[in-house]
Amino acid sequence: MDKRWMSMSRSSDEYKAGLEDFLDFAFTNGSIGEMILCPCIRCGNGVFVTREQAKSHLIWKGFIKGYTQWLAHGEVGDKVTVRSMVDSSKICAVGVVRNLDPTSEVGDTPLGSHWCEIHVNVPVENDEKLMRPYHNFRKIGDAIGVAIAWPINLVILEEN
Ligand SMILES: [Zn+2]
């Protein structure tokens, strides 16, 4: 998806047209009822708003800086493979990056730097132990569809 409009002037036609595309996307993929989390600077993805409210905030205030991957609005992150701690050539799971923010929490523990939060889509090595087990999640095979923390040097970006 072309998002160059996001860095253009908020009074430009490109920005306004792009904003409509964003709202269409968000209300199709990331709405709850008739509301979405507002990604404007003031709301910071912390407040639910209607389409009209979101539109007006995003014209008057603009988007949160750097919010180019719309993770809070249903956009899937980069596809990655998770590699084994024992042998980094071995793929343990396939998933998507959810978060790189060191202060965000996975199972009540802050991620910290050099770690990333991965949403596991396909476990490959079911018996590989999680480096940071939490709740009932102990092994990769337990973690289907949930978030896990993994060191960033063992998370490899896939081509598509
Ligand atoms: Zn807002």
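Provide a single number: the residues in region 60-87 that are closer than 16 Å to residue 47 by Cα and assigned to a strand (DSSP E or B).
Total satisfying the criteria: 1.
Inspect region 86-93 for any residue being small (Gly, Ala, Ser) and either within 30 Å of residue 5 (Cα to Cα) or in contact with a helix residue (DSSP H, G or I) (Cβ under 7 Å, 6 or more places away or on another chain) (or both) and give the result as yes or no.
The first filter runs over region 86-93 and keeps only residues small (Gly, Ala, Ser), leaving 88-89, 93.
Filter once more, so that each one left must be either within 30 Å of residue 5 (Cα to Cα) or in contact with a helix residue (DSSP H, G or I) (Cβ under 7 Å, 6 or more places away or on another chain) (or both): 88, 93.
Checked region 86-93: at least one residue is small (Gly, Ala, Ser) and either within 30 Å of residue 5 (Cα to Cα) or in contact with a helix residue (DSSP H, G or I) (Cβ under 7 Å, 6 or more places away or on another chain) (or both).
Scanning for something over 30 Å from residue 132 (Cα atoms) and either away from the ligand (no atom under 15 Å from the Cβ) or acidic (Asp, Glu) (or both), does region 76-91 turn up at least one residue?
Among the residues of region 76-91, not one is over 30 Å from residue 132 (Cα atoms) and either away from the ligand (no atom under 15 Å from the Cβ) or acidic (Asp, Glu) (or both), which makes the answer no.
Just to be sure before I move on: is residue 144 closer than 30 Å to residue 24 by Cα, within 16 Å of the ligand (Cβ to nearest atom) and in contact (Cβ under 8 Å) with a residue 12 or more places away in the chain in the structure I sent? Break it down into steps so the answer makes sense when it comes.
Details: closer than 30 Å to residue 24 by Cα: yes; within 16 Å of the ligand (Cβ to nearest atom): no; in contact (Cβ under 8 Å) with a residue 12 or more places away in the chain: yes.
When the stated conditions are applied, residue 144 does not pass them.
In region 23-59, how many are in contact (Cβ under 8 Å) with a residue 24 or more places away in the chain, within 13 Å of the ligand (Cβ to nearest atom) and either exposed (fewer than 15 other Cβ atoms within 10 Å of the Cβ) or not in a strand (DSSP E or B) (or both)?
10
Could we say that residue 95 is assigned by TED's automatic domain parsing to the domain that holds residue 138, crowded, with 18+ Cβ neighbours inside 10 Å and either out of contact with any Asp or Glu (no Cβ under 6 Å at 6 or more places or on another chain) or outside any loop (DSSP other than H, G, I, E, B) (or both) here?
yes
Out of all the residues in region 135-145, is one or more under 29 Å from residue 3 (Cα atoms), in contact with a Lys or Arg (Cβ under 7 Å, 6 or more places away or on another chain) and not aliphatic (A, V, I, L, M)? Reasoning before the result, please.
The initial filter retains those residues of region 135-145 that are under 29 Å from residue 3 (Cα atoms), namely 145.
Checking which are in contact with a Lys or Arg (Cβ under 7 Å, 6 or more places away or on another chain) leaves us with none.
No; the residues of region 135-145 include none that is under 29 Å from residue 3 (Cα atoms), in contact with a Lys or Arg (Cβ under 7 Å, 6 or more places away or on another chain) and not aliphatic (A, V, I, L, M).
Do we find that residue 90 is in contact with a Ser or Thr (Cβ under 7 Å, 6 or more places away or on another chain), surrounded by fewer than 16 Cβ atoms within 10 Å (Cβ to Cβ) and modelled with pLDDT of 90 or more in this structure? Lay out the reasoning, then the answer.
Values: in contact with a Ser or Thr (Cβ under 7 Å, 6 or more places away or on another chain): yes; surrounded by fewer than 16 Cβ atoms within 10 Å (Cβ to Cβ): yes; modelled with pLDDT of 90 or more: yes.
Yes.
Among the numbered criteria (1) within 13 Å of residue 91 (Cα to Cα); (2) in contact with a strand residue (DSSP E or B) (Cβ under 6 Å, 6 or more places away or on another chain), which one does residue 126 miss?
(2)
The values are calculated or read from the model by the stated rules, or taken from the named source; none is laboratory data. From a predicted model like this one, the values you see are computed outputs, not experimental measurements. Neighbour counts are summed over all protein chains in view; Cβ atoms, including those assigned to glycine, are modelled from backbone coordinates with ideal geometry.
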